[in-house]
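Participant: The structure's right below; bear with me while I get my questions together.
The values are calculated or read from the model by the stated rules, or taken from the named source; none is laboratory data. Only a predicted model underlies this, so the values are computations on that prediction, with no experimental measurement involved. Every residue, glycine as well, gets a Cβ built from its backbone with ideal geometry; the counts of neighbours run over all protein chains shown. Heavy atoms of the whole protein, side chains included, go into the accessibility calculation; ligands, DNA and RNA do not. Shrake-Rupley method; radii C 1.70, N 1.55, O 1.52, S 1.80 Å.
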Amino acid sequence: MEVYSHLAHLPDRLLEVFALPGVRIACSFYSDDESEHRQITGRDTLKSTQENIVRVLDRSIPLRIGMVHILEGQRIEQAKDLLTTMGVTEIGVDRLRLLGRPQRKAPEITELCGACGLRSAAVLPNGEVTPCPLARWMAVGDVRELGLRNALDRMRPAADKIAAALQEIRMCGPHNDGQCYPCEPSCNPGCDPGVDLEEE
Amino acid sequence: MSVADWKATFNQAARLGARTISMIGGEPTLYQGLEDLIRHALGLGL
């Protein structure tokens, strides 16, 4: 079980539950600078998040940090240094995906990472099943009515569609082998060589 | 989804062979049922 939190608030009681064997924490993090953190999150919580990261590490709870690159010149490297000094060993960086809240136009399948729905699925707070929490427009129905197995069967075409759309983009680059780092003008729109996809 | 609905969904996921569950977005620590759901998932080996 993984809990993805900003760790701005962590009551002792919840920390005890997080310390149970089998729980891991993922924590969003943006900057080592209080004002930049506030600018991105709208909250004055950098200090409390840092304190709670230390509390989680002190309890030897598995922790990974998810950084999201949102602002130009964002202090990503400095933040990684800070986290490393604090004892964090697993830090991932992703770009902002123009889906969900940040979305300002119709959702595009190529904003997804491409692995959605293949060995994963999301159930939204309204019960809708989708290939990914960021692919809400691809919901296939309510898990309470369909049951999870039927919902997953219904989701299969959407997952295949996402995989096919992203496969084409990942196979870009001068030799059509996906080896396009650093990014070349020949790359297709949506090419995203910095994103690591989990391999089987 | 009620806490009972989530538990029922977790049960189905475990039966279908799911290996792990992630609670993500909005902010799970603000959700009253979080502790209950974590314990339930751990009980299922998720």
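Participant: Based on what the data block shows, is A:MET138 open to solvent by less than 40 Å² (accessible area, probe 1.4 Å), within 13 Å of chain B (Cβ to nearest Cβ) and in contact (Cβ under 8 Å) with a residue 12 or more places away in the chain?
Facilitator: On the way: open to solvent by less than 40 Å² (accessible area, probe 1.4 Å): yes; within 13 Å of chain B (Cβ to nearest Cβ): no; in contact (Cβ under 8 Å) with a residue 12 or more places away in the chain: yes.
When the stated conditions are applied, A:MET138 does not pass them.
Participant: Consider A:LEU57 carefully, then state whether it is aliphatic (A, V, I, L, M) and within 14 Å of chain B (Cβ to nearest Cβ). Give the derivation first.
Facilitator: On the way: aliphatic (A, V, I, L, M): yes; within 14 Å of chain B (Cβ to nearest Cβ): no.
No, not satisfied.
Participant: Filter region A:12-50 down to the residues that are open to solvent by 50 Å² or more (accessible area, probe 1.4 Å), within 14 Å of chain B (Cβ to nearest Cβ) and farther than 27 Å from B:GLY43 by Cβ and list them by number.
Facilitator: Scanning region A:12-50 gives A:GLY42, A:ARG43.
Participant: Scanning for something open to solvent by less than 40 Å² (accessible area, probe 1.4 Å) and among the small types (Gly, Ala, Ser), does region A:88-95 turn up at least one residue?
Facilitator: Filtering region A:88-95 for residues open to solvent by less than 40 Å² (accessible area, probe 1.4 Å) gives A:88, A:92.
After this cut, where a residue has to be among the small types (Gly, Ala, Ser) as well, the list is A:92.
Yes; the residues of region A:88-95 include at least one that is open to solvent by less than 40 Å² (accessible area, probe 1.4 Å) and among the small types (Gly, Ala, Ser).
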